[in-house]
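J.: The structure is given below, and queries will be raised subsequently.
Values in this text are rule-based calculations from the coordinates and carry no lab data. This one's a predicted model, so the numbers in the text were calculated from it and none came from an experiment. Positions of Cβ are backbone-derived with ideal geometry, glycine not excepted, and every protein chain shown enters the neighbour counts.
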Amino acid sequence: MTQPTKQLVLLHGWTPDKQVIDRLNPFKKQLTEAGFVVHLWKIPGLTTDIDHSYTIEKYLEWLTKEITPLKNIVLVGHSFGGQLATVLAAKKPELVSKLILIDSSGILDFIPSKVFKRWLFKILAKLFFFLAYVPLFKRAIYKLIRERDYIEANPAQQKTMRNVLNYSVLPLLNKITVPTLIIWGKDDLTTPLRIGKLFAKKIPNNIFKVLPARHSPVYTHPDLVVKEILSFLKKESL
């Protein structure tokens with residue numbers, strides 16, 4: 001009897017770098033060699049251009065349309081991709097068989113520096129229309145918030161980033177019913193380990209693994225990530 005094809009959807013993180021697809025190739029290659037058909041899509045506003053802003057709801061609409069034709073999906077999301085994967089798994093569980101989150105975003109961090117950054121984004125939204133093309137202004141703001149992604153984005157991308165940053169998945173976590181693997185970098189400074197522990201505390205049926213990495217083990221430690229994914233899926237198939 002022919003075994004069903006193992007379909008894996010990989011959602012990349014927030015980045016203006018359109019080469020991110022190439023950077024994920026070593027990770028994708030290992031998954032392919034393990035027997036998966038890997039779907040690595042370009043995400044609107046990140047690896048494809050947009051001329052209007054997106055909300056999480058708009059991203060959910062896009063992802064639902066892309067993923068619906070597939071069956072028995074293993075959904076893997078890194079950083080912003082994890083945030084989007086979390087929303088889909090909570091709101092449309094019939095589309096996902098397994099969920100894998102890697103250093104996911106989506107939980108608001110209330111340490112002072114993060115709160116300040118979100119407040120500053122709101123102020124920038126009002127100022128940027130007038131001052132966006134003043135080089136001195138752009139350099140000064142970059143020094144303040146350390147977010148070149150935001151400064152170099154077009155207005156639609158900037159509004160999208162603000163929408164995403166202010167959307168919390170926390171109320172959705174206890175609604176996730178599919179088996180979930182949570183992978184986190186021990187030294188992640190973007191979404192610190194305490195955020196990963198909160199995901200693990202709130203999602204009912206999960207396995208939590210910490211790797212000797214920072215925010216992007218899919219780039220720096222693809223072999224370790226793939227090892228954890230295969231181990232998780234093997235346990236879930238027993």
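J.: Taking the Cα of L108, stepping 7 Å toward and past its beta carbon, and measuring to each backbone N in region 50-82: which are under 17 Å?
T.: Within reach of a label on L108: 56-57.
J.: Rank these for me by crowding, S237, S216, S79, going from fewest to most other beta carbons within 10 Å. Please list the in-between numbers first.
T.: Working: S237 7, S216 21, S79 24.
Final ranking by Cβ density, sparse to dense: S237, S216, S79.
J.: Same structure again: Search the structure for amide H atoms under 5 Å from the amide H of L11, placed 1.01 Å from N in the peptide plane, and list their residues when 5 or more places away or on another chain.
T.: V76, G77, H78
J.: Sticking with this one: Could you state the number of Å between the C-alpha centres of region 12-41 and region 166-201?
T.: 21 Å
J.: Still on this model: What number comes out for the charge environment of L172, summing +1 per Lys or Arg and -1 per Asp or Glu over other residues with Cβ under 15 Å away? Display every interim value, and only then the final one.
T.: Numbers: positive: K91, K92, K175, K201, K202; negative: E57.
Residues close to L172 contribute a combined charge of +4.
J.: Give me a comma-separated list of calculated 3J(HN,Hα) values for region 216-229, in order, Karplus coefficients 6.51, -1.76, 1.60 applied at θ = phi - 60°, integers in Hz, x for any Gly or Pro.
T.: Once θ is set to phi - 60°, the couplings for region 216-229 become 10, x, 5, 8, 8, 9, x, 5, 5, 5, 4, 4, 5, 5 Hz.
J.: Then there is this: Quick one: W184, W14, fewest Cβ neighbours within 10 Å first, how do they rank? Mind showing how you got there, number by number?
T.: Details: W184 26, W14 21.
Fewest to most other Cβ atoms nearby, the residues stand as W14, W184.
J.: Right, something else. Under 5 Å between amide H atoms, partner at least 5 residues away or on a different chain: which partners does S104 have, H built in plane at 1.01 Å?
T.: S79
J.: Here is a follow-up. Exposure proxy check: H52, H78 ranked by fewest other beta carbons within 10 Å?
T.: Working: H52 11, H78 29.
Listing H52, H78 from fewest to most nearby Cβ atoms yields H52, H78.
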